Amino acid sequence: MTIIATWKMALNGTKLAREALLNGAALEEALITLIKDVEMNEDFHSVGYSGLPNEDGVVECDAAIMNGDNLHFGAVAGLRNIRSAVSVAYTLIDNEYNNFLVGEGALKHAKEMGFKEEEMLTDEAKKLWLEERAKKPKVYKGHDTVCGLIAEKGRCIAATSTSGLFMKKVGRVGDSPLVGPGLYADSEVGAAAATGVGEDIIKGTLSYAIVSLIASGLSPQDAATKSVMDLDAKLRAKGEEPRDFSVIAVNKDGAWGAATNIAEFPFIVSEDGGETAMYIARDFG
Ligand code: SD4
């Protein structure tokens, strides 16, 4: 059993997911436990409750979950007033249609499913928004998405959750809820997920690129490194300065990898059911 998740903020959630799996929980339940732990924590300003808001001061969340057994997925984008966007995404996963809901429709569905509407903007996040708004020009700050992958007994699943870029336009959607760029899982191969500037991650369909490379015979580490290097090089070749992107990957046997084009990308792993540990990827490695 391998669990891998992005950023230091996923440490506690990964521990909870590991315990859940060791106690016999389904993979989906364990992964949602991981993501939810970050969504609910008001100390983390880039995911769920207390996320940093859009330019109008409203928290809008994106999330998705994908089951590699049947390629089913559920996703929401621009979801307001609900603490756990990934839990809402999960309610859509086995639909034949309507797997991806946005904005008003996503909120309407969440309420129909019994989720409680709550204010997502904390006093601290509001203070940061007011400070940022007072500055000109507005800038996008570094912003971390929680992504988690689990591979166990021939099953691979992936999930993501984010409040997106601080000061984004109302309705802006990044890569995180998009199957292909933000996450991908295929139990015959492996799974991958990405964090960083969605506009660049989308250009490289990064998570699907990694899973395709694993399918062609690369290890998760080599696939992660190659996909990040290739996208970085491609953007430069086209005259663009690449923004930040980092990825995690796992194959169906539980081998894992991670890569980044920034100085340091911390991520969390629990391998073979063992204790969780933090690692740091650097320089595409
Ligand atoms: C987005 N990819 O909305 C997200 C933000 C993120 O690390 O992951 N930051 O573009």
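The table below lists the values:
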quantity	calculated
Residues that are open to solvent by less than 10 Å² (accessible area, probe 1.4 Å) and in contact with a Leu (Cβ under 8 Å, 6 or more places away or on another chain), drawn from segment 168-180	Gly174, Asp175, Ser176
Failed criterion for Ile280 (all others in (1) in contact (Cβ under 8 Å) with a residue 24 or more places away in the chain; (2) part of a strand (DSSP E or B) hold)	(1)
Any hit, segment 112-124, residues being out of contact with any His (no Cβ under 6 Å at 6 or more places or on another chain), more than 27 Å from Ala158 (Cβ to Cβ) and part of a helix (DSSP H, G or I)	yes
Residue check, Val179 more than 7 Å from the ligand (Cβ to nearest atom) and either in contact with a Lys or Arg (Cβ under 8 Å, 6 or more places away or on another chain) or hydrophobic (A, V, I, L, M, F, W, C) (or both)	yes
Candidates Asp43, Asp69 - the one that is surrounded by fewer than 24 Cβ atoms within 10 Å (Cβ to Cβ) and modelled with pLDDT under 95	Asp43
Residues satisfying the stated conditions in segment 138-148, i.e. within 14 Å of the ligand (Cβ to nearest atom) and not in a strand (DSSP E or B)	Tyr140, Lys141, Gly142, His143, Asp144, Thr145
Those residues of segment 216-238 which are small (Gly, Ala, Ser) and open to solvent by less than 70 Å² (accessible area, probe 1.4 Å), in sequence order	Gly217, Ser219, Ala223, Ala224, Ser227, Ala233
Selection count where residues are part of a strand (DSSP E or B) and open to solvent by less than 40 Å² (accessible area, probe 1.4 Å), scope segment 239-272	17
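The values are calculated or read from the model by the stated rules, or taken from the named source; none is laboratory data. Quantities reported herein were computed from a predicted structural model and do not represent experimental measurements. Heads up, the Cβs are rebuilt from the backbone with ideal geometry, glycines too, and the neighbour counts pull from every protein chain shown. What goes into the accessible areas is simple: the full protein's heavy atoms, side chains included, and nothing from ligands, DNA or RNA. Shrake-Rupley method; radii C 1.70, N 1.55, O 1.52, S 1.80 Å.
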